[in-house]
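In what follows, a structure is listed as structure tokens, so that the remarks can point back to it.
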Amino acid sequence: MPDTASAVGAPAGRREGPQKVAGAARYAAEHTPEGCAYAWPVPATVARGTVASVDTTAALEVSGVIEVLTHLNAPRLEEPDDATLAVLQDARVPHRGWYVALVVADTLEAAREGAAAVRVTYDSEPHDVTLKADHPDAHVPEDEDGTSGEHTRGDAEDAFAAAPARVDVSYRVPPLHNHPMEPHAATAHWQDGRLTAHDSSQGATTVRDVLAGLFALPEEQVTVVSEHVGGGFGSKGTPRPHVVLAAMAARMTERPVKLVLPRRHLPAVVGHRSPTLHRVRLGAKEDGTLTSVIHEVTAHTSRVKEFVETAAAATRVMYPSPHARTTHRVVPLDVPSPSWMRAPGEAPGMYALESAMDELAVNLGIDPIELRLRNDTRTEPDSSKPFSSRHLAECLREGARLFGWSERDPRPRSRSEGPVLVGSGVASATYPVVVAPSRASAHAYPDGSFVVRVNATDIGTGARTVLAQVAADALRVPLESVRTDIGSSDLPDAPLAGGSSGTASWGWAVHEACTRLASRLAGQQGQQLPPEGVGATADTEGTADADSDYARHAFGAHFAEVGVDTVSGEVRVRRLLGVYAAGRILNSRTARSQFIGAMTMGLGMALTEGSTMDAAFGDFTEADLAAYHVPAHADVPAIEAHWIDEDDPHLNPMGSKGIGEIGIVGTAAAIGNALHHATGRRLRELPLTPDRVLTGGL
Amino acid sequence: MKPFRYVRAYSVEEATTAHAGRANSRYLGGGTNLVDLMKLGVERPERLIDVSRLPLDAVEELPDGSVRAGATVRNSDLAAHPLVRERYPVLSRALLAGASGQLRNVATTGGNLLQRTRCPYFQDLGKPCNKREPGTGCGARDGVHRDHAVLGHSRLCIATHPSDMAVALAALDARVELQGVRGRRTLPVTEFHRLPGDRPDVDTEIEPGELITGVLLPAATAGLPSAYRKARDRASYAFALASVAVVLDIEDSVVRQARIAFGGLAHRPWRARHAERALQGGAPSDEAFRQAVDAELSAAEPLRDNSFKVRLARNLACDVLRRLAGPASAS
């Protein structure tokens, strides 16, 4: 079978692409069971307190309104692990925007009008939403996952004090918001005690498990479908309140209920990237060899749950130094609950570390690429484990070649075009290899077709397609003969599309099921298959999650060229280039899309994105896509993603590392470093908007 | 949402009669702002009079050499019209600097002038706003106000007018043509929008029921060198942090007249009369431009977090003046 061995790696087009382009692919809100009602939530308008009274009289008088759920009448839920899901269970208001009521009506319009008519009074309390590094409540969290606390090697303070070259700087990354194109939405339907929910989620198995727990049902009584998902970037990684509310409302009204969250509610209820305050101290010898690395991060969390933006974690992976301390501190405030956003921890952390490395390079007069090469290592600094593969140096060198780095005059402010100062910068990237156990099945049918089943989620990345590629190679059959069924919790259980782990986790199980099926078929050579086909299953529990003797991470390098307008203070990226070493690339087309998508998000983090916590009201001021500036097409210039083929036997049967997040890691640092090269000024707070550039002393 | 009556008008008279000056009637143009505000609950009209099909969609030259752009001409069409591109390039530039391609294809000339501030406190019913609900206070003054006014604001309101188009019209000495039940009148664009003062709820001088039927671009500013420059947080689809429209008339190395208007700084396009007077009759030079613009901006009263706007506006204005003056401007 000559032309089937190469399915993996080929630039196969996304299988659902034509459906999406034609508008035929149906998302969670596009399922409308007969008799479907519509819900609209009511957010709290105080930052801290309790609901004193809810008057639903006027709302219930609105024509078409069926029911108003409040903490007084909503169905009781079992206690969730994630307290943000305990919606309408008590009168407590932990932050502004917390839902205090839900109006259900025959039409969306009536639900909305009803929500506006709900009268809520509060016993409000003084609130505190301001993150400060010296906040009295700042504390080092429990290091339950081995990441979120403090790690030390040697005596970092003394070594820093003794270092001949020192950088001691602070950076600030503002709150950032995931804002997927498709807002969070769910349609829930109860029938004969069974709950079916169409949910916009990154992982329907988890949503199924959580809903079953909340409503005290056996898992078999719940089906969650996430067939097509319009992005999530972490904000749909676990169930969010909308799907719980839809299920509660549907149970209470005995009608299917659809709930689509308004865009303006997302910042308060679906998670955000916590702002992070960084202090980075680097001590080095004259030749640039690091002797001490201290990275201290302060982030906020809500009163509802403790979420830690683990922004110092990547510093434990990047550069060796005999002495190091990496510390997370978290401050509980009366703010919405932060959560995952693309490369949680790594994205803000590597902005700080890689900016500080650039500052050290400039101070020492060493080329920033050379400085990183001098601090390369074969073993992970914090764990002392050998890397399964680490081609950071190759990424830096290849990127330098492709970008034309050797032509760069290292002197700041050395290049201008009229009033525009031009500069370039570089930063490293890294993201851990994450993989979780999954199940999958594979079937062969008499007509020569194959079907792979796994509850994977395609959040726009091409999961259907790449899993078919993995299956085709394992079965040694043409790609076209393999169908992939994903996106329903009735399929074999699978972990979420998140942590850059989806393809590795699902693909491992698919590969195993297909390998078993292939050997079973080999044993039946020549025999006609029964009409129901022949199948095989796999469960990677115990193998995919087994401890490794190796430290497994992807690495990369980002290069940016910026133009800084000295008249307007506007910074625009002119070129952005990334080179990645992320194991074997399974689909060159969809991989490139993921890389440049994440690089674009990194560009936004550097130049345009960020929200402001309003101290008086306790909410994020920039609530819609007119005010929260994701990059527009005009902001995204020549953008290139390249990769180095890695042959790493310590990963998974496909030899792949995750690629969904590394593109956003370090990108903002490369752009900030380019700004410094262009202007000679170091700005240490993102985003690099004209107000900051103008007042930063152009 | 609140139910409303929808009336489609096919003539100006039909439209003004249907509106009848009722407080809860609104004219609907492209709807790119009004419909958003209805979704937010900021606008809750009882009656919408759709004027987008009125026969006001022409851009035409009048016998006196001026150009009339009808109120329903879409922003994209106005920007692309040969009369505008040739005679009033600053207007084309300003229009194309605004919003996004999709919005410009729908937004109308009249609606653009009547769009409301994008102040986040104005848009949020859960917060105080003297513009939306007089007497409730201003959330922005001590809140998040980087994007707010530095000129002409009042104790009650620090909002800015978001239009780019209006800034160019102000610099061009354009007039707004209005039709009310009592008749027809015109107003200079510079006097059409108000400063907030003690009535921030009133954006413009329009009378109840009056309909914008068009804008008049005078012959006097046709063909003069002109330019628009806008600074913003991203390269497209963002409101101005500051912007400037300049129409510069130089003859024999003497400034006959400079017309300068700022956007993003005030509750209305800010015509820089002090700067203009300072430049009139003098020789164009970088120093003269700087002094004139500084004189204008010395009236600025920046808030806690937006003093950068003064410097930004000065930079933009000096840059545009210098470029328009070309070799005539000595440095």
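Shape summary of the stretch A:521-657, radius of gyration then Dmax from alpha carbon positions: 23.3, 77 Å. Quick one: dipole size for chain A, taken about the Cα centre, charges +1 on Lys/Arg Cβ and -1 on Asp/Glu Cβ, in debye to the nearest 20. With only Lys, Arg, Asp and Glu charged at Cβ, the dipole is about 1380 debye. Compute the Cα gyration tensor for the stretch A:486-599, then decide on rounded, prolate or oblate, letting a ≥ b ≥ c be the square roots of its eigenvalues: rounded whenever a/c is under 1.5, prolate when a/b is larger than b/c in the other cases, and oblate in all that remain. Note, shape of the stretch A:486-599 comes out prolate.
Taking a straight line from the alpha carbon of residue A:385, these lysines sit under 24 Å away, with near neighbours fewer than eight places off in the same chain left out: A:657.
Based on C-alpha pairs under 8 angstrom that are at least 6 apart in sequence, chain A has a relative contact order of 17 percent.
Think of chain A as having a plus end and a minus end, set by charges on the Cβ of Lys, Arg, Asp and Glu; of A:31, A:169, A:371, A:371 sits farthest toward the positive end of this dipole. The stretch B:233-279 and the stretch A:639-698 have Cα centres separated by 38 Å. Here's the picture: charge each Lys and Arg Cβ at +1 and each Asp and Glu Cβ at -1 in chain B, and of B:239, B:73, B:292 the one pushed furthest to the positive end of that dipole is B:239.
The alpha carbons of the stretch A:441-530 give a radius of gyration and a Dmax of 13.0, 43 Å, in that order. Exposure check, 1.4 Å probe, all protein chains in place: residue A:548 carries approximately 20 Å² of accessible surface. Of the Cα atoms belonging to the protein assembly as shown, the radius of gyration and Dmax stand at 30.5, 100 Å.
For the stretch B:294-311, accessible area lost to neighbouring protein chains reaches 40 Å² or more, against the chain alone with a 1.4 Å probe, at B:308, B:311. Take every Cα-Cα pair in the stretch B:72-159 and report what % of them are more than 15 Å apart. Result: 65 percent of Cα pairs exceed 15 Å. Ranked by solvent-accessible area (1.4 Å probe, protein heavy atoms only, all chains present), the residues B:39, A:258 order from largest to smallest as B:39, A:258.
To the nearest Å, what is the center-to-center distance of the stretch B:118-135 and the stretch A:347-373, using C-alpha atoms only? The stretch B:118-135 and the stretch A:347-373 have Cα centres spaced 45 Å from each other.
Rolled with a 1.4 Å probe across the full set of protein chains, the surface gives residue A:566 an accessible area near 50 Å². Find out how many positive minus negative residues lie around residue A:655, taking Lys and Arg as positive, Asp and Glu as negative, among other residues whose Cβ is under 14 Å from that of residue A:655. Local charge sum for residue A:655: -2. Could you please state, rounded to a whole Å, how far the C-alpha centre of the stretch A:460-485 is from the C-alpha centre of the stretch A:198-265? Using only Cα atoms to place each centre, the spacing works out to 28 Å. Contact residues in the stretch B:38-62 (at least 10 Å² less accessible area with all protein chains than alone, 1.4 Å probe): B:39, B:40, B:44. Would you work out if the stretch A:356-444 is rounded, prolate or oblate? Take a ≥ b ≥ c from the square roots of the eigenvalues of the alpha-carbon gyration tensor; rounded if a/c is under 1.5, else prolate when a/b is larger than b/c, oblate otherwise. Prolate is the answer for the stretch A:356-444, as a/c is 1.5 or above and a/b outweighs b/c.
Between residue B:53 and residue B:191, the C-beta separation translates, for a Förster distance of 30 Å, into a calculated FRET efficiency of about 0.55.
The residues of the stretch B:224-331 have, on average, 38 Å² of accessible surface per residue, using a 1.4 Å probe with all protein chains present. Counting only other chain Cβ atoms within 10 Å of each residue's Cβ, the peptide A:561-568 averages 3. Shape descriptor for the stretch B:176-290: Rg over Rh equals 1.03 (Cα atoms; Rh from the Kirkwood inverse mean 1/r).
When the surface is traced with a 1.4 Å probe over the full set of protein chains, residue A:346 keeps roughly 20 Å² accessible.
FRET efficiency for the pair residue A:363 and residue A:58, taken as 1/(1 + (r/R0)^6) with r the Cβ-Cβ distance and R0 = 60 Å, rounds to 0.40. Computed with a 1.4 Å probe over protein heavy atoms only, the accessible surface of the stretch B:5-50 comes to 48 Å² per residue. A simple packing score, the average count of other Cβ atoms within 10 Å per residue, orders the peptides A:240-248, A:526-534, A:614-622 as A:240-248, A:614-622, A:526-534, with the highest score first. Dividing the mean sequence gap of close Cα pairs (under 8 Å, 6+ apart) by how many residues chain B holds gives a relative contact order of 17 percent.
Taking 4 °C and 1.567 mPa s as conditions, the stretch A:597-683 diffuses translationally at an estimated 82 µm²/s according to Stokes-Einstein applied to its Kirkwood radius (Cα pairs). Ordering B:3, B:269, B:225 by Cα displacement along the dipole of chain B toward the positive end leaves B:3 in first place; charges were set at the Cβ atoms of Lys, Arg (+1) and Asp, Glu (-1). Chain B contacts chain A over a buried accessible area of about 2700 Å², both sides summed; the probe is 1.4 Å and only protein chains count. For the stretch B:222-328, with all protein chains in place and a probe radius of 1.4 Å, 45% of the accessible heavy-atom surface sits on carbon or sulfur. If only the Cβ of Lys and Arg carry +1 and only the Cβ of Asp and Glu carry -1, the dipole of the stretch B:222-328 around its Cα centre is close to 400 debye.
If you sort the three axes of the alpha carbon gyration tensor as a ≥ b ≥ c, you get a/c of 1.5 or more for the stretch B:33-125 and a/b above b/c, which makes it prolate. For the stretch B:143-193, the Stokes-Einstein estimate of translational diffusion at 4 °C and a viscosity of 1.567 mPa s comes to 99 µm²/s, using the Kirkwood hydrodynamic radius over alpha-carbon pairs. Using the 1.4 Å probe convention, the accessible area of chain A works out to 35 Å² per residue with neighbouring protein chains retained.
The largest accessible area among A:565, B:36 belongs to the first residue in B:36, A:565, and the rest follow in falling order (1.4 Å probe, all chains). Per-residue 3J(HN,Hα) values for the stretch A:551-563, derived from phi via the Karplus relation 6.51 cos²θ - 1.76 cosθ + 1.60 with θ = phi - 60°, read 7, 10, 8, 8, 10, x, 9, 10, 10, 9, 10, 10, x Hz in sequence order (x marks Gly and Pro). Shape descriptor for chain B: Rg over Rh equals 0.97 (Cα atoms; Rh from the Kirkwood inverse mean 1/r). Rolling a 1.4 Å probe over the protein heavy atoms of the stretch A:372-451, with every protein chain left in place, gives an accessible area that is 48 percent carbon and sulfur.
Taking the square roots of 5 times each eigenvalue of the Cα gyration tensor of the stretch A:1-137, largest first, gives ellipsoid semi-axes of 41, 27, 13 Å.
For the stretch A:96-127, a drop of 20 Å² or more in accessible area on going from the chain alone to the assembled protein chains (1.4 Å probe) is found at A:96, A:109, A:112, A:113. Plugging the Kirkwood radius over Cα pairs into Stokes-Einstein for the stretch B:222-328, at a temperature of 4 °C and a viscosity of 1.567 mPa s, what D comes out in µm²/s? After rounding, the answer is 93 µm²/s.
Just the protein heavy atoms count here, and of the accessible area of the stretch A:491-635 at 1.4 Å, carbon and sulfur take up 50 percent.
Relative to the current alpha-carbon distance between residue A:32 and residue A:89, full extension at 0.36 nm per residue lengthens the span by 17.8 nm.
The values are calculated or read from the model by the stated rules, or taken from the named source; none is laboratory data. Treat the numbers as computed from the prediction; the structure is a model and nothing was measured. Note that each Cβ is placed from the backbone with ideal geometry, even for glycine, and that neighbours are counted across all protein chains shown. SASA here: full protein model, heavy atoms, side chains in, ligands and nucleic acids out. Shrake-Rupley method; radii C 1.70, N 1.55, O 1.52, S 1.80 Å.
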